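Everything on this sheet refers to the single structure shown next.
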Amino acid sequence: MTSLSTAQTKPANTKSTQTGQNRQAALTVNDAKIEALIKKMTLEEKVAMLHANSAFAAGGIKRLGIPEIMTSDGPHGVRPEQGRDWKGVKGANDAGTYMPTNNTLASTWNPTLGYAYGTVLGSEARFRGKDIILGPGINIVRAPLNGRNFEYMSEDPYLISKMVVGYIRGVQDQGVSASVKHYAANNQEEHRNDIDVEMSERALREIYLPGFKAAVQEGGAHTLMGSYNKFRGQYATENAYLMNTILKGEWGFKGLVISDWGSVHNTMDALRNGTDLEMGTDLALMYKSVDQSAASGGPSASRTIYDQFYLADAALDAIKKDKTLEPLLDDKVRRILRVMYATNMLDGAKRKPGAYNTKEHQATALKVAEEGIVLLKNEGNMLPLKKTVKSIAVIGHNATRENSLGGGSAQVKAKYEITPLQGLKNELGDKVNITYAQGYKIARDQKADPQMIAEAVAAAKAADVVVYVGGSTHGYDYSKWSDNAYDAEGFDKPDMKMPFGQDELIQAVLKANPNTVVVLMGGGPIDVSAWAGQTKSIVEAWYPGMEGGNAIAHVLFGDVNPSGKLPFTFPVKLEDSPAHKLGEYPSTPGNPLKQTYKDDIFVGYRYYDTYNVAPQFAFGHGLSYTTFKYSGLSVTPSGKSATVKLTVTNDGKTAGAEVVQVYVKDEKASVKRPEKELKGFEKVFLKPGESKVVTLTLDQNAFQYYDEGKKQWVLEPGKFDVLVGGSSRDIRLTGNVTL
Ligand code: BGC
């Protein structure tokens, strides 16, 4: 099994994992023009640039030909128009392409699809007249219960880094700026507005920041969104260390920091520490203020709630009193103008028109879903199903539920949404008898419904095959979020169990018909331990976007060979998760507004593999309808890096794709290091019998850890194991290298 070579071959065809170039410099090309423009502005005009003037628009100086900036959510498609006052826009052409959620994208492990995804978003945002799209969300998936895990990508910073770069470039190549969010340490919704997160410097550097750094330096992100929470005692959006020292200092970020909607709390901190543009407000306060000022007709009538923002009248007053603050103001205006230039908003630059609801966009939505769906279990090759099947019972509410409007600010009004039931009908036409039973109901009481179970069991008994479609659910009625939301902004999930009595239902269905495929939908790990052992096939479909139902059918019937891999671990039980076991999720005992991430760098598989806790499904896991053979590993050192070379062969009968994953383990270190860490991967597409040589370069980043004493990354000389395989727990080849 071990194939170790120190062959003196020249590293051929090495693909760099780093571009080496900080793409931020591109933002400064118009700085001379920008300085001239700033000189023409009055103090009042400058301050007017720094804050929202309505729900999603900001700034604008007519006299100088500077337009307003139009922003919009979000990560999975352009959000329905909210209007200037959050009341919507009647008759708006705002039903567009609804992409699979970010965790689906991450599950493809295909950076090329990241770019394609971003291209769709950028193009549709442009069509809708937006300048900044508020996405992607890339916070670490730390706690299984985080209500927003569906908007994020992974528990692993390397995977995030690789996927986010393509996404950002895709958006920005369409002439729209991306806003990477939520910077930083916003890993849960519970107490999100004021929880104070403490973590070690090492955890910050090794786990929580690399995705943002890659987004800035390699992706060239024009804007970043500061998060709601506090970090080490100071709100993240106006946090001197996160914003000034790291982002704008160390990383050389030249663009614009946007606050999350209502995340600024202090004028002086915001002025000094990073926030360049203050957005959002408390809705109740806004309506009250607008109504009152209109009613009174007094002096306040011309002043809106937006003038009461921290970076509005209060900032103006402060700067008038203390002129030495003006350079801070100029810097913010400069950054805003840089982004406006980069987005072709100034000097009458030509802008791309964008495109909406094209066949190509829909095809990208389908492709991402097809490659992102993960085959978790397939005993006895139950899947793919045969199209000669006579009858199918489809059971579960997610089979008929639309998700596009769910989840909070990431909502999209979809042009159409193919549900799983519709997808199966599209796939099979009327040749197969398809029946449907809802099986459970989405309600706060959480109990199984005996009558609905009886109906499901009867349907299951009468059919050749059962396709069960359940799992979590997006809340989409704002007033009922807390009733039904298992993946939604503003709430964490109450537990990791299958909600609404589904465990009981699935067990009854399995008993009635063992030929049952369970298709899960949701934004994170879920506890399937009650029935996973008795089920032959389990498929994770996430929230797969407008073409999701078709993608699911294509995978179930083998038109598409599944190639998705889990971007985070599924623990057996919630209690196994490091955020619960070692950490203090959701807050420090006795102090709901504080939390120390005591799990430190041991997030996800770094914990499960180091502490020998068996997961239900491992990070990187995902099956195929074919099999892959790994052979001929060589690891060749060269200075502080190494070239990893191996051959992967499709030794089955179906064309398919394998994500070859390369993990590094430091054999001996002066600090505690994880059992293994992902440092390279490549998705390889192979016909039956075909082989390909995979060559990956591990640069020094692959071997370093962050030394808190020295305050820098350190490569400790010694021997490193190089582990290659199809998941973090399916290591097929082991080599090593001494550096
Ligand atoms: C969310 C952001 C979103 C913003 C604007 C906030 O509540 O946290 O992700 O972009 O609202 O809708």
Setting aside same-chain residues fewer than 8 positions from LYS321, which lysines have a Cα under 25 Å from its Cα?
LYS39, LYS40, LYS46, LYS332
Debye calc, one equal point scatterer per Cα of the stretch 200-247, no solvent, log10 I(q)/I(0) at q = 0.23, 0.30 1/Å comes to -0.93, -1.29
Which value, in nm² and rounded to one decimal, describes the direction-averaged projected area of the C-alpha convex hull of the chain?
32.9
Rounding to the nearest 10 and keeping the result within 0 to 90°, find how far the Cα-based axis of helix 502-512 lies from the longest principal axis of the chain.
20
If you filter the stretch 635-697 for trypsin sites (Lys or Arg not before Pro), then keep DSSP loop positions with at most 13 other Cβ within 10 Å, what is left?
LYS653, LYS668, LYS672
Whole-Hz couplings from phi, Karplus 6.51/-1.76/1.60, listed for the stretch 597-602; x for Gly and Pro
7, 6, 5, 6, 7, 8
With n ≥ 4 as the cut-off for DSSP H runs, can you work out [θ] at 222 nm for the chain, using -39500 (n - 2.57) per run divided by the number of residues, rounded to the nearest 500?
-7000 deg cm²/dmol
In sequence order, what are the phi-derived ³J(HN,Hα) couplings for the stretch 343-354 according to the Karplus relation 6.51 cos²θ - 1.76 cosθ + 1.60 with θ = phi - 60°, rounded to whole Hz, with x for glycine and proline?
9, 6, 9, 10, 6, x, 4, 7, 10, 5, x, x
Order 357-368, 401-412 from most to least packed using the mean count of other Cβ atoms within 10 Å.
401-412, 357-368
Long-range amide H contacts for TYR705: which residues qualify at under 5 Å (H placed 1.01 Å from N, peptide plane, sequence gap of 5 or more or a different chain)?
VAL714, GLU716
Collect residues whose amide H, placed 1.01 Å from N in the peptide plane, falls under 5 Å from the amide H of GLU675; neighbours closer than 5 in sequence don't count.
THR610
Using alpha carbons only, how many angstrom separate the centre of the stretch 44-68 from the centre of the stretch 637-670?
51
Tally the DSSP beta bridges in the chain and give the antiparallel ones as a percent, rounded to 5.
60
Keeping the other protein chains in place, figure out the carbon and sulfur percent of the accessible area of the chain, with a 1.4 Å probe.
52
Would you mind getting the accessible area per residue of the stretch 309-392, heavy atoms of the protein chains only, 1.4 Å probe, in Å²?
46
When only Cα pairs under 8 Å and 6 or more residues apart are kept, what is the percent relative contact order across the stretch 651-712?
36
Any idea what angle helix 111-127 forms with the longest principal axis of the chain, computed on alpha-carbon atoms, 0 to 90 degrees, nearest 10?
40
To the nearest Å², the heavy-atom accessible area per residue of the stretch 463-594 with 1.4 Å probe amounts to 28
Report, in listed order, any pair from LYS213/LYS719; LYS248/LYS415; LYS230/LYS254 with a Cα-Cα distance greater than 30 Å.
LYS248/LYS415
Counting other C-beta atoms within 10 Å, and keeping those with at most 16, which DSSP coil chymotrypsin sites (Phe, Trp or Tyr not before Pro) do you find in the stretch 565-643?
TYR611
Whole-number accessible area per residue in Å² for the stretch 114-227, which is evaluated in the context of all protein chains at 1.4 Å
14
Whole-Hz Karplus ³J(HN,Hα) for the stretch 185-202, in order, using 6.51 cos²θ - 1.76 cosθ + 1.60 and θ = phi - 60°, x for Gly and Pro?
6, 9, 9, 7, 8, 3, 6, 4, 6, 8, 5, 9, 9, 10, 7, 6, 4, 5
Along the positive direction of the dipole of the chain (beta-carbon charges: Lys, Arg +1; Asp, Glu -1; about the Cα centre), which of THR636, GLY114, LEU64 reaches farthest?
THR636
Under 27 Å Cα to Cα from LYS497, which lysines show up? Leave out anything in the same chain fewer than 8 places away.
LYS377, LYS441, LYS447, LYS461, LYS480, LYS511, LYS536, LYS565, LYS573, LYS581, LYS594, LYS598
For GLY60, distant residues with modelled amide H under 5 Å away
ILE69
Taking the chain as the reference, fit the longest principal axis to its C-alpha atoms, fit the long axis of helix 450-462 to the helix C-alpha atoms, and give the angle between the two in degrees, 0 to 90, nearest 10.
50
Among ILE506, LEU520, LEU566, the residue whose Cα sits farthest towards the positive end of the charge dipole of the stretch 439-591 (+1 at Cβ of Lys and Arg, -1 at Cβ of Asp and Glu, taken about the Cα centre) is ILE506
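The values are calculated or read from the model by the stated rules, or taken from the named source; none is laboratory data. Keep in mind that this is a model prediction, so the values were computed, not measured. Cβ atoms come from the backbone with ideal geometry, glycine included; neighbour counts cover every protein chain shown. Note: accessible area is taken over every heavy atom of the protein model, side chains too, but ligands, DNA and RNA are not part of it. Shrake-Rupley method; radii C 1.70, N 1.55, O 1.52, S 1.80 Å.
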